[in-house]
1. Any idea how many residues of region 77-96 are surrounded by 14 or more Cβ atoms within 10 Å (Cβ to Cβ) and out of contact with any Ser or Thr (no Cβ under 7 Å at 6 or more places or on another chain)?
2. Between a residue in region 229-251 that is assigned by TED's automatic domain parsing to the domain that holds residue 274 and any residue that is part of a strand (DSSP E or B) and of a type in the set (Phe, Trp, Tyr), which pairs come within a Cβ distance under 6 Å, given they are 6 or more apart or on different chains?
3. Out of the residues in region 195-211 that are touching an Asp or Glu at 6+ places or on another chain (Cβ under 9 Å) and not in a helix (DSSP H, G or I), which is surrounded by the fewest Cβ atoms within 10 Å (Cβ to Cβ)?
4. In the set 160, 105, which member is basic (Lys, Arg) and closer than 23 Å to residue 287 by Cβ?
5. Might you let me know whether region 292-305 holds any residue that is surrounded by 17 or more Cβ atoms within 10 Å (Cβ to Cβ), in contact with a helix residue (DSSP H, G or I) (Cβ under 7 Å, 6 or more places away or on another chain) and either assigned to a loop (DSSP other than H, G, I, E, B) or among the aliphatic types (A, V, I, L, M) (or both)?
6. Only one of (1) part of a helix (DSSP H, G or I); (2) surrounded by 15 or more Cβ atoms within 10 Å (Cβ to Cβ) is not met by residue 231, so which one is it?
7. Are there any pairs, at least 6 apart or on different chains, whose C-beta atoms fall under 7 Å, with the first in region 62-78 and closer than 24 Å to residue 17 by Cα and the second among the aromatic types (Phe, Trp, Tyr), and if so, which?
8. Conditions first: (1) touching a His at 6+ places or on another chain (Cβ under 7 Å); (2) surrounded by 18 or more Cβ atoms within 10 Å (Cβ to Cβ). Residue 182 passes all but one, so which condition is the exception?
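The values are calculated or read from the model by the stated rules, or taken from the named source; none is laboratory data. Given the structure is predicted, the values throughout are model-derived calculations rather than measurements. A quick note on method: Cβ atoms are made from the backbone with ideal geometry, for glycine too, and the neighbour counts reach across all protein chains shown.
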Amino acid sequence: MHAGKLVFAQVMEFAPWHTFRRLVAKYRGDFNVRTFSSLDQFLSMAFAQITFRESLRDIEACMEAHATKAYHLGLRGDFTRSNLADANERCDWRLYCEFAQALIRIARQLYATEPFGLELDSTVYALDSTTIDLCLTMFPWAPFRSTKAAIKLHTLLDLRGNIPSFIHISDGKWHDVNVLDILIPEPGAFYVMDRGYLDFTRLYTLNQSGGFFVTRAKRNANIRRTASRPIDRSTGLICDQTVMLNTFYAARDYPGPLRRVRYRDPTTDKSLVFLTNHFGIPALTVCSLYRSRWQVELFFKWIKQHLQIKRFFGTSENAVQSQVWIAVATYVLVAIARKRLKLDLSLHTMLQVLSVTPFEKIPLFQLFSDIAEDANMPDDPNQLILL
């Protein structure tokens, strides 16, 4: 029998705790705190994410059932739901924001060589946002509609490993295109966006910074063709052109040339028009880049299903921000563990296994290796198939 650390404690060992302690000192997270530190808050909230707890009372009941093991989880303080609620209100959410960003930097280095389906040496980002609906009475600081509140998660997803490299949380009224004002462009990288981000002033700033974008043109776009390239119509391409914006304000905001690629989707028979400022890649690659934008939609769907970011443990802005950033940190931490343990399992499978084994004493590699072996076993022809 393995007499080492609990599974949850082994996962937490992949976190850079020296960075966490530095941030606690920076934001005075433990100032005038006696029984429940910032580390206790983070571990409790991360435990809630991994085990799919849905409320403070739910977390407390689970902890009480394993009270003798709380110390081995890393919890040193006196855990009660009131202490956790107070910590969510008190501790500055920016502490967990910066800690999640430190984990993101580690994960991006680990996944830098991860393939994503296109033969490009450049980094490819998918930019989009998702809305989380809230009750206006309980969350008046996040206005959205006249009868309800909401927050938006603006996410820049690195498609190598599906690691979020940038996240901004705003109220529901904040328009998506405004995120381009606070985004620091990376020279040589591709930014794939939908039509909600089609603002020529901001796109020209991105172009001048050395970044490349791929987006869709609006139906009423007034564009003038200046040159055409040969295409193979059997691939679905209709045209590949160099164009200039024809209206006064659009031409003033983006005075340079653009590339327009028109493509007919064989499955839906729908004609799609893409705009990009990169003239060197093949036209089909432009279409494939925009198709890869769907990964960010899948990422939003995945985190809403498997992380606790739709039910919040507090109603203040600080509590909501803290919970979202700790959820992001937990997701990235599991991704780091997956890469460092060199596992072929998906993050979904890993979280499902972790959710039922946090108090087990078994080495992580052995735990996931056994799961991988079971997943790769051939089917028994005599075994009934349950639908």
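1. Summing the residues that are surrounded by 14 or more Cβ atoms within 10 Å (Cβ to Cβ) and out of contact with any Ser or Thr (no Cβ under 7 Å at 6 or more places or on another chain) in region 77-96 gives 8.
2. Hits for this filter: 236/263; 237/263.
3. 210
4. 160
5. Yes - at least one qualifying residue is present in region 292-305.
6. (1)
7. Matching pairs, first to second residue: 63/79; 69/359; 70/79; 73/8; 73/47; 77/36; 78/36.
8. Result: residue 182 fails condition (2) only.
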